[in-house]
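S.K.: Once you've had a glance at the structure underneath, I'll fire off some questions.
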Amino acid sequence: MISISELHKSYVTGLNSLHVLKGINLTIEEGEMVSIMGSSGSGKSTLLNVIGLLDAYDTGKYHLNGTLMENMSETKAAWYRNQMIGFVFQSFNLIAFKNAMENVALPLYYQKVGRRKRNKIAMEYLEKVGLADWAHHTPNELSGGQKQRIAIARALISKPKVILADEPTGALDTHTSYEVMELFKEINNAGITVIIVTHEKDISERTKRIIHLKDGLIEKEYKTKLNLSYA
Amino acid sequence: MIDIDKWQEIFHTLKQNRLRTALTAFGIFWGVFMLVIMLGAGSGLENAVYSNMGDFAKNSMFIWAQHTTMPYKGFPRNRSYHFEYSDKYALEENIPEIEIIAPTVNGGGYRQTTLVVHGLKKGEFNVLGKTPQENNIDPVDIAWGRFLNEYDLLERRKSVLLGYRVYEELFDKGEDPVNKYVRINGIYFQVIGVYKSKHSGGWGENQNSEIWIPFSTAQQVYNYPNKVDHFSIVVKPEYEVKQVEGKVMAILAKRHNLHPEDKAAFGYNNVGEEFKKMNGLFLGIRGLIWIVGIGTLLAGIIGVSNIMLIILRERTVEFGIKRAIGATPKKIVMSVLSESVFLTLIAGLVGLMFGVFIIELVNSVIPPDSEMFRNPEVDFKLAVSALIIIIISGMLAGVIPSRRVVSIKPIEAIRSEQ
């Protein structure tokens with residue numbers, strides 16, 4: 001699904017250059033559930049952004065679903081993001097003035113699906129995350145866990161191949177975090193690749209494989225017990 | 001199909017800060033309003049001046065005899081002379097550029113009035129000998145009867161055409177004057193019609209106070225066997241009056257033994273040139289109006305653009321999210337553009353309507369025969385071009401801000417809040 005080799009990325013601000021990713025080699029198969037761990041500044045979010053085509057890389061190779069992602073126009077990148085990737089962010093990033101259903105339906109809007117049809121599909125996904133009753137509430141009327149589940153429904157609606165979650169539980173309490181992780185597990189069981197960036201050990205242990213990043217390099221990676229239980 | 005989401009977004013952003021939206025819209029409103037008002041005022045001024053001119057043949061000139069100012073062929077200077085009817089043929093034959101040439105003779109001399117009587121009513125009026133061609137040079141409206149014709153001239157009929165003011169003074173209100181008789185200078189003339197001047201203001205008043213009789217009759221009655229007071233000359237549309245002016249003078253000088261250089265022996269009035277000057281003046285006024293109007297509008301556009309920049313900065317995260325879930329840059333640019341076009345269009349339309357309303361109001365207040373201001377109007381073409389300008393300005397106002405939005409990387413946009 002995702003194969004990355006010798007990936008380098010640095011941020012240039014004025015005369016200073018910050019080398020963030022220093023040669024990442026990584027392969028993630030379809031249907032995997034992976035967490036990327038590391039301390040602040042280790043480059044884990046940058047890696048996720050590169051995978052999510054939100055950011056460009058400098059050198060190396062990145063294949064998504066067998067296609068080399070290189071020199072992409074913003075329009076092309078937007079198309080890939082819409083078709084292949086679903087994002088879940090730490091701060092939910094819902095559109096404040098749209099209600100839950102409209103937020104979930106938004107990716108379909110960019111696929112030019114008609115309003116009635118996409119709202120119907122959005123309701124189905126809200127059903128899946130257990131928030132059908134909240135469809136007509138705006139995000140500020142919802143709790144953090146509810147918001148994150150709506151964000152997940154939004155990420156799922158375009159039937160992506162990969163879900164990328166950047167600290168999805170960072171703003172949630174432990175109980176809600178585990179609920180959200182359960183939801184990710186269900187999604188993964190449906191065959192969608194899930195990649196979660198986190199710095200919480202208990203969260204990462206709820207994925208099947210953990211990749212540790214340190215100073216822009218992969219320090220270690222291993223499979224969790226969870227993996228075995230499903231084997 | 002109406003894109004509800006798009007409109008929802010537009011209304012949401014504009015509603016978010018009503019005062020800001022209102023002030024921004026006011027900039028555009030004011031620009032369009034001023035443009036419309038000024039254009040209307042300009043057209044009012046123009047209409048007033050042109051209506052003063054009536055349907056006067058624009059390509060025309062007048063020439064009349066004055067005293068000579070140079071001695072020539074043994075004649076002294078300051079000699080008085082007059083044109084003759086035969087000059088008409090000489091001019092027609094020798095100057096092919098001439099389309100119409102009509103002589104006029106003033107009964108009793110220039111601006112001398114004659115006693116005119118009908119029954120118990122009487123008045124002093126200017127009596128002029130005219131030809132039927134006159135109606136092709138400075139047309140009048142016929143209120144009763146008909147204009148002079150060739151038979152009137154040929155048979156030296158004692159026919160008379162009354163100006164409307166003359167009719168009002170000599171006849172009862174609503175009385176049909178045709179075929180009635182009036183006594184002019186002791187001679188009875190039969191009324192063939194009444195005319196109304198097409199000029200407005202003082203010019204029209206003067207013309208309506210005249211009495212027109214056949215040119216040939218006037219010569220006989222006033223004992224001017226061969227005198228012409230002035231020629232009205234219309235030049236064919238493909239020629240300039242200025243080119244013909246000199247030729248006319250040269251021929252007349254030769255026929256009346258005037259010094260070829262003695263231009264002051266003629267009085268003349270080049271209507272063509274007057275018209276040109278006036279056209280130039282109004283062109284200038286119109287140009288100025290557009291420059292000032294567009295300038296005002298431009299200030300409004302800059303205001304909108306500025307506000308859009310602020311709004312977009314506030315919405316950076318939102319656009320970042322949208323791009324993360326698949327919005328193309330084009331989609332984002334379009335949504336920003338439609339927002340600014342919507343704002344400018346609404347504000348512009350209100351300005352346009354308000355401007356037209358004010359102009360109509362002014363129009364209903366000023367007297368219809370005002371010489372200074374008449375029929376201020378904003379025609380349909382103008383309204384459409386104003387509308388196009390508004391739409392284009394809306395786009396211009398959105399272009400720079402939207403480009404800025406797209407130039408930021410989506411991830412930076414999302415993070416900008418955190």
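The values are calculated or read from the model by the stated rules, or taken from the named source; none is laboratory data. Everything numeric in this text was worked out from a predicted model, so none of it was measured. All Cβ positions, glycine included, derive from the backbone under ideal geometry; neighbour counts span all protein chains shown. Just so you know, the surface numbers come from the protein's heavy atoms only, side chains and all, with ligands and any DNA or RNA stripped out. Shrake-Rupley method; radii C 1.70, N 1.55, O 1.52, S 1.80 Å.
S.K.: Hey, what's the Cα Rg ratio for the protein assembly as shown versus the globular rule of thumb, 2.2 N^0.38 Å? Walk me through the numbers on the way to the answer.
M.R.: On the way: Rg = 44.5 Å, N = 649, 2.2 N^0.38 = 25.8 Å.
Dividing the Cα Rg of the protein assembly as shown by 2.2 N^0.38 Å gives 1.73.
S.K.: Please report the antiparallel percentage of the DSSP beta bridges confined to region B:82-255, to the nearest 5.
M.R.: Percent antiparallel among DSSP bridges in region B:82-255 is about 75.
S.K.: So what's the angle, to the nearest 10 degrees on a 0 to 90 scale, between helix A:144-157 and the longest Cα principal axis of chain A?
M.R.: Between the helix axis and the principal axis of chain A, the angle is about 80 degrees.
S.K.: Here is a follow-up. Quick one: Karplus J couplings for region B:69-80, per residue in order, coefficients 6.51, -1.76, 1.60, θ = phi - 60°, nearest Hz, x for Gly and Pro?
M.R.: Values per residue, Gly and Pro as x: 10, 10, x, 7, 6, x, 7, x, 6, 6, 8, 8 Hz.
S.K.: Then there's this: How high is the FRET efficiency between B:Val178 and B:Ile302 when r is their beta carbon distance and R₀ equals 45 Å, given to the nearest 0.05?
M.R.: Numbers: r = 67 Å, r/R0 = 1.49.
For R0 = 45 Å, the calculated efficiency reads 0.10.
S.K.: Mind checking which lysines have their C-alpha under 18 Å from B:Lys15, skipping anything on the same chain fewer than 8 residues away?
M.R.: The qualifying lysines are A:Lys98, B:Lys6.
S.K.: Work out from phi, with θ = phi - 60° and the Karplus expression 6.51 cos²θ - 1.76 cosθ + 1.60, the ³J(HN,Hα) of each residue of region B:285-294, listed in order in whole Hz, and give x for Gly and Pro.
M.R.: So the J values, rounded to whole Hz, are 4, 4, x, 4, 4, 5, 4, 5, x, 5.
S.K.: Next up: If you add up the charges near B:Glu240, with Lys and Arg at +1 and Asp and Glu at -1, over every other residue whose beta carbon is less than 12 angstrom from its beta carbon, what do you get?
M.R.: On the way: positive: B:Lys58, B:Lys236, B:Lys242, B:Lys247, B:Lys276; negative: B:Glu97, B:Glu238, B:Glu245, B:Glu273.
Once all neighbours under 12 Å are counted, the net charge is +1.
S.K.: While we're looking at this one, here's another question. Chains B and A: how much accessible area gets covered up at their contact, both sides added, probe 1.4 Å, in Å² to the nearest hundred? Could you put the intermediate results ahead of the total?
M.R.: Working: alone 21910 and 11440 Å², together 30800 Å².
Accessible area lost upon association: around 2600 Å².
S.K.: Another question, then. What net charge is computed for the residues neighbouring A:Leu213, neighbours being all others with C-beta under 15 Å from the C-beta of A:Leu213, Lys and Arg scored +1, Asp and Glu -1? Could the numbers behind the result be given before it?
M.R.: Details: positive: A:Lys9, A:Lys22, A:Lys44, A:Lys201, A:Arg209, A:Lys214, A:Lys220; negative: A:Asp166, A:Glu167, A:Glu200, A:Asp215, A:Glu219, A:Glu221.
Once all neighbours under 15 Å are counted, the net charge is +1.
S.K.: Report the net charge of residues surrounding B:Ile100, where surrounding means a beta-carbon distance below 10 angstrom and charges are Lys +1, Arg +1, Asp -1, Glu -1.
M.R.: Result for the neighbourhood of B:Ile100: -2.
S.K.: May I pose another question? Protein chains only, probe 1.4 Å: how do A:Glu74, B:Glu99 rank by accessible area, largest first? List each step's numbers first, then the result.
M.R.: On the way: A:Glu74 50, B:Glu99 105 Å².
Result, largest first: B:Glu99, A:Glu74.
S.K.: Per DSSP H run of n ≥ 4, the term is -39500 (n - 2.57); total these for chain B, divide by its residue number, and report the mean residue ellipticity at 222 nm rounded to 500 deg cm²/dmol. Spell out each step's value before the answer.
M.R.: Working: 14 runs with 228 residues, N = 418.
Value at 222 nm, helices only: -18000 deg cm²/dmol.
S.K.: Rounded to the nearest 5, what % of DSSP beta bridges with both residues in chain B are antiparallel?
M.R.: On the way: 40 of 50 bridges.
The answer is about 80 percent antiparallel.
S.K.: Might you work out the accessible area of B:Tyr85 for me, using a 1.4 Å probe with all protein chains in place, and round it to the nearest 10 Å²?
M.R.: Spelled out: B:Tyr85, probe radius 1.4 Å, area about 50 Å².
S.K.: Now, a different point. Sorted from largest to smallest, which semi-axis lengths in Å does the alpha carbon gyration tensor of region B:340-418 give for its equivalent ellipsoid, taking the root of 5 times each eigenvalue?
M.R.: Details: eigenvalues 401, 26, 11 Å².
With the √(5λ) rule applied to region B:340-418, the semi-axes are 45, 11, 7 Å.
S.K.: If you build a Gaussian network model of chain B, linking Cα atoms that sit under 10 Å apart, which residue out of B:Val350, B:Val32, B:Val105 swings the most?
M.R.: Ranking B:Val350, B:Val32, B:Val105 by mean-square fluctuation puts B:Val350 first.
S.K.: For chain A, what is one quarter of the convex hull surface built on the Cα atoms, given in nm²? Display every interim value, and only then the final one.
M.R.: Numbers: hull surface 52.0 nm².
Projected area, direction-averaged: 13.0 nm².
S.K.: Give me the mean projected area, in nm² to one decimal, of the convex hull enclosing the Cα positions of chain B. Each step should come with its number before you reach the end.
M.R.: Working: hull surface 119.6 nm².
The directionally averaged projection comes out at 29.9 nm².
S.K.: Sticking with this one: Please report, for the Cα atoms of region B:82-255, the Rg to one decimal and the Dmax as a whole number; what are they, in angstrom?
M.R.: 16.6, 52
S.K.: Using the heavy atoms of the protein chains and a 1.4 angstrom probe, tell me the accessible area per residue for region A:133-230 in square angstrom. Don't jump to the answer; show the numbers that get you there.
M.R.: Working: 4430 Å² over 98 residues.
Result: 45 Å² of accessible area for each residue.
S.K.: Quick one: order B:Arg156, A:Arg209 from most to least accessible surface, probe 1.4 Å. Walk me through the numbers on the way to the answer.
M.R.: Numbers: B:Arg156 105, A:Arg209 25 Å².
Sorted by accessible area, descending: B:Arg156, A:Arg209.
S.K.: Also, quick follow-up: Mind putting together the pair-distance distribution for region B:149-247? All Cα pairs, 5 Å bins, whole percent per bin, short to long.
M.R.: 2, 11, 17, 18, 17, 15, 10, 5, 3, 1
S.K.: Cα axis of helix B:4-16 to longest principal axis of chain B: angle in degrees, 0 to 90, nearest 10?
M.R.: Orientation of helix B:4-16: about 90 degrees from the principal axis.
S.K.: Here is a further query. Take every DSSP beta bridge whose two residues both sit in the protein assembly as shown, then give the antiparallel share in percent to the nearest 5. Working shown, then result.
M.R.: Working: 63 of 91 bridges.
Taking every DSSP beta bridge with both residues in the protein assembly as shown, the antiparallel ones total about 70 percent.
S.K.: Along Cα→Cβ, 7 Å out, is where each label goes; now give me the distance between the ones at B:Phe373 and B:Arg111 in nm to one decimal.
M.R.: Those two pseudo-labels are separated by 3.2 nm.
S.K.: Now for a different question. Per residue, how large is the accessible surface of chain B? Use a 1.4 angstrom probe and give square angstrom. Write down the numbers at each step before the final one.
M.R.: Values: 20610 Å² over 418 residues.
Ligands and nucleic acids excluded, the figure is 49 Å² per residue.
S.K.: Which entries of B:Lys130/B:Lys227; B:Lys173/B:Lys196; B:Lys130/B:Lys254; A:Lys112/B:Lys331; A:Lys22/A:Lys44; A:Lys120/B:Lys330 show an alpha-carbon separation above 22 angstrom in the structure shown?
M.R.: Details: B:Lys130/B:Lys227 12 Å; B:Lys173/B:Lys196 15 Å; B:Lys130/B:Lys254 25 Å; A:Lys112/B:Lys331 11 Å; A:Lys22/A:Lys44 12 Å; A:Lys120/B:Lys330 26 Å.
Violating the 22 Å Cα-Cα cut-off are B:Lys130/B:Lys254; A:Lys120/B:Lys330.
S.K.: Another question about this same structure. From the Cα trace of region A:58-140, what convex hull volume per residue do you get, rounded to a whole Å³? Present the calculation step by step, with values, prior to reporting the outcome.
M.R.: On the way: hull volume 11.3 nm³, N = 83.
Once divided by residue count, the hull of region A:58-140 is 136 Å³.
S.K.: Under a 5 Å amide H to amide H cut-off, with H placed in plane at 1.01 Å, what residues pair with A:Ile218 once short-range neighbours are removed?
M.R.: Amide H neighbours of A:Ile218: A:Asn25.
S.K.: What distance in nm lies between label points placed 7 Å from Cα along the C-beta direction at B:Arg286 and A:Ala190?
M.R.: Label at B:Arg286, label at A:Ala190, 6.7 nm between them.
S.K.: What is the set of long-range amide H partners of B:Thr114 at a cut-off below 5 Å, with H atoms built 1.01 Å from backbone N?
M.R.: B:Phe125, B:Asn126, B:Val127
S.K.: Taking all protein chains together and a probe of 1.4 Å, list A:Trp79, B:Trp7 from the most accessible to the least accessible.
M.R.: Numbers: A:Trp79 130, B:Trp7 90 Å².
Sorted by accessible area, descending: A:Trp79, B:Trp7.
S.K.: Working from Cα positions, state the angle (0 to 90°, nearest 10) between the long axis of helix B:85-94 and the longest principal axis of chain B.
M.R.: 50
S.K.: If you count, for each residue, the other Cβ atoms within 10 Å and average over each peptide, how do A:9-18, B:58-67, B:238-247 line up from highest to lowest?
M.R.: B:58-67, B:238-247, A:9-18
S.K.: As an exercise, use a Förster radius of 25 Å and the Cβ-Cβ distance of B:Lys122 and B:Asn223 to find the FRET efficiency, rounded to the nearest 0.05. Display every interim value, and only then the final one.
M.R.: On the way: r = 22 Å, r/R0 = 0.90.
The computed FRET efficiency comes out at 0.65.
S.K.: Each residue of region B:231-248 in turn: what ³J(HN,Hα) in whole Hz from Karplus with 6.51, -1.76, 1.60 and θ = phi - 60°, glycine and Pro shown as x?
M.R.: Using θ = phi - 60°, the values come out as 9, 9, 10, 10, 9, 4, x, 7, 10, 8, 4, 4, 5, 7, 2, x, 5, 4 Hz.
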